[in-house]
Amino acid sequence: MKLPYDDVHLIADPLYGYLRITLSRAGEIAEADVIDNPWVQRLKRIHQLQSSWWVFPTAEHSRFAHSLGAMHLAGRLARAGVPDARRGRAGHAVPAAGRRDLAAGRLLHDLGHGPFSHFCDEE
């Protein structure tokens with residue numbers, strides 16, 4: 001008997017409850033594979049708010065946690081669909097393959113950041 005959480009990992013999140021992380025099936029890459037990649041794992045050591053956490057110690061979260069939240073919100077948006085205001089139509093959910101691509105994109109969007117990277121934005 002297959003249980004509802006056989007194909008997912010759950011990550012507890014203080015804002016969104018449990019984030020569902022899909023596991024790979026034969027021959028495909030899923031969210032868990034991307035998260036387990038060393039390049040994504042290194043985001044755990046980079047502060048999202050750079051040096052702000054020195055002044056505001058409770059404002060401490062990593063680019064990794066930020067990327068998980070972004071992945072979760074992208075998935076919710078893809079499932080809900082975005083209404084077409086120009087035509088007055090209800091939104092249509094994104095197909096499953098597009099949802100996977102969107103989730104992977106959100107997981108990887110901060111991959112190039114290093115510590116204090118936004119201090120150099122003007123340069």
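Here are the numbers:
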| item | result |
| --- | --- |
| Segment A26-R76, extension gain: residue separation times 0.36 nm, minus the distance between their alpha carbons | 15.5 nm |
| Extension reserve of the A59-I11 stretch, reckoned as 0.36 nm per residue once the Cα distance is removed | 15.3 nm |
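Any read-out appearing in this document is the output of simple, stated calculations on the displayed coordinates, not a laboratory observation. Treat the numbers as computed from the prediction; the structure is a model and nothing was measured.
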